1. In the list 42, 73, which residue meets the criterion of being acidic (Asp, Glu) and over 25 Å from residue 202 (Cα atoms)?
2. Which strands (runs of 3 or more DSSP E) does region 252-339 wholly contain that include 1 or more residues that are farther than 29 Å from residue 57 by Cα and basic (Lys, Arg)?
3. Hey, does region 265-274 have a residue that's at pLDDT 80 or above, among the small types (Gly, Ala, Ser) and surrounded by fewer than 17 Cβ atoms within 10 Å (Cβ to Cβ)?
4. Would you confirm, using the coordinates I've provided, whether residue 299 is under 30 Å from residue 49 (Cβ atoms), in contact (Cβ under 8 Å) with a residue 60 or more places away in the chain and either in contact with a Lys or Arg (Cβ under 9 Å, 6 or more places away or on another chain) or not charged (D, E, K, R) (or both)?
5. Which members of region 228-240 meet the condition of being surrounded by fewer than 17 Cβ atoms within 10 Å (Cβ to Cβ) and not hydrophobic (A, V, I, L, M, F, W, C)?
6. Pick out the one residue from 348, 308 that is more than 19 Å from residue 172 (Cα to Cα) and in contact with a strand residue (DSSP E or B) (Cβ under 7 Å, 6 or more places away or on another chain).
7. Could you check region 86-131 and list, in sequence order, the residues that are modelled with pLDDT of 90 or more, of a type in the set (A, V, I, L, M, F, W, C) and surrounded by fewer than 18 Cβ atoms within 10 Å (Cβ to Cβ)?
8. Residue pairs, Cβ under 7 Å, 6 or more apart or interchain, first in region 125-139 and without any contact (Cβ under 8 Å) to a residue 24 or more places away in the chain and over 16 Å from residue 179 (Cα atoms), second in a strand (DSSP E or B) and among the aliphatic types (A, V, I, L, M). List them.
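The values are calculated or read from the model by the stated rules, or taken from the named source; none is laboratory data. Computed from a predicted model, the values in this text were never measured in an experiment. Cβ placement follows ideal geometry from the backbone for every residue including glycine, while neighbour counts extend to all protein chains displayed.
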Amino acid sequence: MKAVALLAAAAVVLGASASEPAPTPLAVLRRAAEAPLRTDYEALQVLTVPRAEGAETLRVAIWHRRPATYRMEFLAPRRLAGRLLVDDGLSSWHYEPSLHLLVRGPSLAGAVPGKVVPLPENTTVRLLGTDVVAGRATYLLAVLPASGGPTRRLWVDRSTGLVLKSEASDPERGVYYASTVTRISFGPVPEELFRVPRPRGARLVELTAPSLGARRLSELARAVGFPLAAPADLPEGFRYRRGGVAVLGSTRAALLQYSDGVSTVSLFQVPTGRVGSPPGGEVLRVGSTVVRSYGAGLLRLLVWERRGMSFAAVADAPLGVLREFVSSAEPDPSLEARRVSELAQALGVSPDRVAELRDRGFTFRQVRVLLAGQPSERAGGSLTRAVVPSLVEEMERFERVLAGAPGASPGGR
């Protein structure tokens, strides 16, 4: 019987491949980005995520209605069973039964399959071949960043374009996240499944998303009321994307986001003393700076202080990438001014021109390339790629909300 099953699976793949030419990798990615916008489906999904005590397997039921309305129910393990997420494209609603808590926040449509973001030219997308997932023929893609960050593998359904399986890995951890659809069906999904959960007597918590509209660092500095430290250099392939204000209790922190097209690093800054560091963590040294490192599911968090400023870098990225952010974020205005002056003199341009590009988030290396007119492996253009983030990222975010909710405790989850 096993041999028959293998032959049947091979027939699905080979039969499909014989009838049509292989598409380009970017064509498959673009189709994956568009698929949720035009497809209604319900599915069972198995997720494998890292925990402090080891990997954990989750089972989730998902109902999706085009373009961006969906419902998620956690089925297992027991501590998560009954957790519910409904997103109607405008707002998201999370219900935690163990705490009888309802959390309302902005729509998470950007955190589900279908979002398209810039992809640096030094990121390679490869079509590795074909495979079968949940009995359906798929294309197997790899997204490989030149920076050495996480590698993504995506199994894209040949018929619908939906991502049926995905993996994330890096040299330090190997495969640290996996998501696999075990069953899927297509067609209209009942309207009542997307009604907002309103359990009688549940406490309601309103969640406000960070404002991320700023592009210039000077604009963001005025919004938060203190000067910012722009990294002098970045890990290979990373570029500044946007900035904004994050509200941490009664404190307004600056948030700068950097990406290599696969991983996003969020760099928070606030004057020392306004926000305390979380307890525990592993103590590291980056040069003369003492850093605390924390594991938060799929994410890493590094916290440090330097020259009267507190920093936190959060990312789904190797530790080496975050260490480079620690090294390059220097909140010393005199050092920044000196480096601006030296680079301007070396290039024969006005210091104001260098400072203006730094204000737009460019590193000194990128400024040199832009003003000298030389090609750079770190300041390339962009293509379009489909990002298929893991749905478990939202679960991790929800757990952080629960941890800070009144009456919440680790034992209650």
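1. Criteria check complete, one pass: 42.
2. In region 252-339, 282-286, 299-306 are the strands (runs of 3 or more DSSP E) which contain 1 or more residues that are farther than 29 Å from residue 57 by Cα and basic (Lys, Arg).
3. Yes, region 265-274 contains at least one residue that is at pLDDT 80 or above, among the small types (Gly, Ala, Ser) and surrounded by fewer than 17 Cβ atoms within 10 Å (Cβ to Cβ).
4. yes
5. 233
6. Criteria check complete, one pass: 308.
7. Answer for region 86-131, where residues must be modelled with pLDDT of 90 or more, of a type in the set (A, V, I, L, M, F, W, C) and surrounded by fewer than 18 Cβ atoms within 10 Å (Cβ to Cβ): just 128.
8. 129/140
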